[in-house]
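> Could you have a look at this structure, given as structure tokens, before my questions?
What follows is calculated from the coordinates using simple rules that are stated; it is not laboratory data. Remember, it's a predicted structure, so these values are computed and weren't measured experimentally. Cβ placement follows ideal geometry from the backbone for every residue including glycine, while neighbour counts extend to all protein chains displayed.
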Ligand code: WT7
């Protein structure tokens, strides 16, 4: 029986039982047989939920890039590692082989070293989906620098907050980026952001769109000339198992973004293992995940997981709607993609378009389809199954989080029978629990509760950068000896899990995890705004959209409301990014509050969702009369 590659349902159950009965020996065998180590571990796992502290493969030494690149060179040197598909279909795709990747990562790593980057330094990467992005991650990992990728759709303020939070020494960016028919002035955004960043010593700039940009003397350097001069080999820094590999920011329900810290060995083992199984990856497959590397999905399942398996991973620079809505399907046909992994919001958007876009392309290479980021509704699931998979490709609905590092609950294709809207069963080593509000575990089937994980797994985030207390409070305080996910879930009669959505103030919009508090903070800075509350409501394409209730100051009440709405959304765009803009803004004279002054978001959510049949008991509110006013003026 192979622990590493599960091929049928019975094997899954056997492996799962073993992984739960004896997690240490289960993960030890996988780590031993499938990876390259400089020194073996002393201890597979030590943990303490109270501190909280989790250590996997302690004492081991390794470099993840040797596992993702060097060890494949003998057998797969000429195989394509990264298949780059540019924004413009007329521009040629690039096939970057493992040999070439080895060289380009070494050159990049040598440039970083020459600019003074050392083990443990933080490097911010703010790049579009071009090969240099993946290469930058790997170059950091090569020399033990900690990468912090910031999605290149975030605003200059959001970028600066993230740079400052972890005191990055360097930014790697580009002159600009292509996005469909548009270009975006990335370097301008960086320049603006860096006005409030003191830790940055240098900026490396990739030339992508040939725009005319400002280069700050002494700080900014074009990357290509430096690469051209750099040595083509770079000895890997030998890292300890628990050395940080990267920081990735995710929104919290309150306060500043949380810099989730992922470490080296456990993250590598778990992302490699889950990639192999969830996508049933075979040697000659062409795997494509449409996410951006700015999100965890891209880190784990465009870069590290696939490369650790010696896979060919597609990187797409563009958008699904350019030059038309056939772009995804055209790429699948062109590169004979075998595994296709995307988000429900993309499926819903493409499902609204004419079927001709799909039907004019040969999708017969596809073997496995995946979805991630939010619950997939039944209609979208069937559209995906029928029109893309032709009822012949298993769909893996993969549930996981930035914090979990890798996929946690998902079918294994050709093993687990899929049911639409269910993420189905936990992967080996993952022990979910459903909890009630009193903190008791709800056992048995056909139950629902708050989703927790009751045993450590190798790729869990180890802390929040600079704020371990917040890590403890957010994830390990709601339930004792458990990791709390923030999601609700139900377990059906056969033990399948269905994720029902967030139970906190995080809203998932088009697969992007947005905290409502930072958006409220942004709006409240508007001079005419007194107070605001934001909630999510169901949206056909985005999954959820944002609805804002805004109380104006007296000065605001005389102003043109449409202009105010525009200004408010512009503020959100500037401070967070366009993805956080509100779809609907209702001006109101008050917000429903409890006697202790807490906004009753439950009521606001129901009103925004047009579900006012059962608002619950509003009599305990401080201001019950406001509910009727809000309902009367709701924006449909
Ligand atoms: C939240 C995590 C993991 C990569 C993308 C998002 C929601 C994620 C699913 C799914 C239902 C899902 C959860 C989770 N979510 N996948 N298959 N079904 N909900 O990462 O930004 O950290 O967001 O996304 O609510 O908590 P993230």
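> If you take every DSSP beta bridge whose two residues both sit in region 510-633, what share of them, in percent to the nearest 5, is antiparallel? Each step should come with its number before you reach the end.
Values: 11 of 16 bridges.
Once the DSSP bridges in region 510-633 are tallied, antiparallel ones form about 70 percent.
> Still on this structure, please answer the following. How many angstrom lie between the C-alpha centres of region 79-130 and region 273-295?
19 Å
> What is the Cα convex hull volume of region 510-633 when expressed per residue in Å³?
On the way: hull volume 13.8 nm³, N = 124.
Taking the convex hull of the Cα positions in region 510-633, it is 112 Å³ per residue.
> Arranged from highest to lowest average of other beta-carbon atoms within 10 Å per residue, in what order do the peptides 18-26, 227-235 appear? Intermediate results must be reported in sequence, preceding the final value.
On the way: 18-26: 15.4, 227-235: 13.6.
The packing order, highest mean first, is 18-26, 227-235.
> Can I ask one more? Ranked by Cβ crowding within 10 angstrom, fewest neighbours first, how are 391, 575, 219 ordered? Kindly include the intermediate steps, with their values, before the conclusion.
Numbers: 391 8, 575 19, 219 14.
Arranged by neighbour count, lowest to highest, 391, 575, 219 become 391, 219, 575.
> Now, a different point. Order of 268, 435 from fewest to most other C-beta atoms within 10 Å?
On the way: 268 29, 435 18.
Fewest-to-most ranking of 268, 435: 435, 268.
> Sorted by mean Cβ packing within 10 Å, highest first, what order do the peptides 288-300, 408-420, 269-281, 448-460 take? Please report the intermediate quantities before stating the final value.
Working: 288-300: 24.0, 408-420: 20.2, 269-281: 25.9, 448-460: 22.3.
Result, highest mean Cβ count within 10 Å first: 269-281, 288-300, 448-460, 408-420.
> On to the next question. When a/c reaches 1.5 or more, the comparison of a/b and b/c decides; with that in mind, is the chain rounded, prolate or oblate per its Cα gyration tensor? Kindly include the intermediate steps, with their values, before the conclusion.
Values: a/c = 1.44, a/b = 1.21, b/c = 1.20.
Rounded shape, in that the Cα axes give a/c under 1.5.
> With 10 angstrom as the radius, rank 196, 321 by how many other C-beta atoms surround their C-beta, starting from the fewest. Before the final figure, lay out the partial values.
Numbers: 196 13, 321 17.
Ordered from fewest to most neighbouring Cβ atoms within 10 Å, 196, 321 come out as 196, 321.
> Mean residue ellipticity at 222 nm from the helices of the chain, using -39,500 (n - 2.57) per DSSP H segment of n ≥ 4 over the full residue count, to the nearest 500 deg cm²/dmol? Before the final figure, lay out the partial values.
On the way: 21 runs with 187 residues, N = 636.
Calculated at 222 nm, the ellipticity per residue is -8500 deg cm²/dmol.
> Then there is this: Please figure out what share of the DSSP beta bridges in the chain is antiparallel and state it in percent, rounded to the nearest 5.
Working: 57 of 97 bridges.
In the chain, approximately 60 percent of DSSP beta bridges are antiparallel ones.
> Pairs of Cα atoms under 8 Å, at least six residues apart: use those to get the relative contact order of the chain, whole percent. Intermediate results must be reported in sequence, preceding the final value.
Values: 1371 pairs, mean separation 76.5, N = 636.
Value for the chain: 12 percent.
> Between region 1-28 and region 352-369, how many Å separate their Cα centres?
35 Å
> According to a simple spin-label model (label point 7 Å from Cα along Cα-to-Cβ), what is the distance in nm between residue 215 and residue 436?
The answer from the label model is 6.7 nm.
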